[in-house]
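Peer 1: Right, I'll just put the structure down here and ask away after.
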Amino acid sequence: KRWLEELVVAADATGSERSRLLAARASLELARPLDQLARSISLAIPLDRSLAAKKAAMEASLSAYARAAGYGIAEVTTAADFATADLYRDLARALLASERPTGLSAEELEQYDLLLEEQAYPFEEKAIGVHERNAGRAREGIYDQWVRDSYAALAEQADLRLHAKQRRLA
């Protein structure tokens, strides 16, 4: 980790195209452990405490990915954007799968589930927005693994929403 941080500092000072590429790649690698930490925090009762810890870890990761993308190196930007979108999606999923309080009636549990869905929705929308931005890079001639993966994530999200809508109508 220390070597990656030193590489970023040295590359930032140099400013050459090659050093920017190295700094961008190093920044992306420095973001990955923060990403893993954010994903590892499960949402348990009391939800407000565990959610605050997860959001704080997520913000650190998102900042690190933004720094990596900020170098403007296409291969790093697309990877950072995909990871950013996937972090938002992970938080939405974690909210929906979070531990439920004990002792709730069926009606209270249904209301609690609806509240969680309302909390998760903005994060799903952020994930979609970032994936759309990443997929949009194909119009600029950038079509790498991360752009393809964003297209796949968008297709999966559309499929999930279609099935959810069909279940509600049934």
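Read-outs: derived from the displayed coordinates by stated rules, not from any lab. Please read all numbers here as calculations on a predicted model, not as lab measurements. For neighbour counting, all protein chains shown are included, and Cβ atoms are generated from backbone atoms with ideal geometry for every residue, glycine included.
Peer 1: Which angle from 0 to 90°, rounded to the nearest 10, does the C-alpha axis of helix 47-69 make with the longest principal axis of the chain?
Peer 2: Its long axis makes an angle of about 30 degrees.
Peer 1: Further question on the same structure: Once the Cβ-Cβ distance between Gln36 and Gln119 is put in as r, and R0 is 25 Å, what FRET efficiency do you end up with, to the nearest 0.05? Numbers along the way, then the final one.
Peer 2: Numbers: r = 23 Å, r/R0 = 0.92.
The calculated FRET efficiency here is 0.60.
Peer 1: Considering the values (1) 1.21; (2) 1.13; (3) 1.04, which represents Cα Rg over 2.2 N^0.38 Å as calculated for the structure under consideration?
Peer 2: (1)
Peer 1: So, one more: Quick one: length gained pulling Glu29 to Ala53 fully straight, 0.36 nm per residue minus the C-alpha distance?
Peer 2: Extending this stretch completely gives an extra 6.4 nm.
Peer 1: Let me ask something else. For the chain, what does the helix formula give at 222 nm: sum of -39500 (n - 2.57) over DSSP H segments with n ≥ 4, over the residue count, nearest 500 deg cm²/dmol?
Peer 2: Details: 6 runs with 138 residues, N = 170.
Value at 222 nm, helices only, nearest 500: -28500 deg cm²/dmol.
Peer 1: Moving on. Are there any GluC sites (Glu not before Pro) in segment 80-152 that are in a DSSP loop and have at most 13 other Cβ atoms within 10 Å? List them by number.
Peer 2: Values: sites: Glu99, Glu107, Glu108, Glu110, Glu117, Glu118, Glu124, Glu125, Glu132, Glu140; in loops: Glu99.
Sparse-neighbourhood loop GluC sites (Glu not before Pro): Glu99.
Peer 1: Between Glu156 and Ala10, what's the calculated FRET efficiency when r is the beta-carbon distance and R0 is 35 Å? Round to 0.05. List each step's numbers first, then the result.
Peer 2: Details: r = 40 Å, r/R0 = 1.14.
That pair, Glu156 with Ala10, gives E of 0.30.
Peer 1: What nm value, rounded to one decimal, do you get for the distance between Arg168 and Glu17 when each label is placed 7 Å out toward the C-beta?
Peer 2: For the pair Arg168/Glu17, the computed spacing is 5.0 nm.
Peer 1: Identify all aspartates and glutamates with a Cα-Cα distance to Lys126 below 13 Å; exclude those on the same chain that are fewer than 8 residues away in sequence.
Peer 2: The qualifying aspartates and glutamates are Asp81, Asp86, Asp90.
Peer 1: Report the extension gain between Glu140 and Leu109 in nm, rounded to one decimal, defined as 0.36 nm multiplied by the number of residues separating them, less their alpha carbon distance. Mind showing how you got there, number by number?
Peer 2: On the way: separation 31, 0.36 × 31 = 11.16 nm, distance 4.71 nm.
So the extension gain works out to 6.5 nm.
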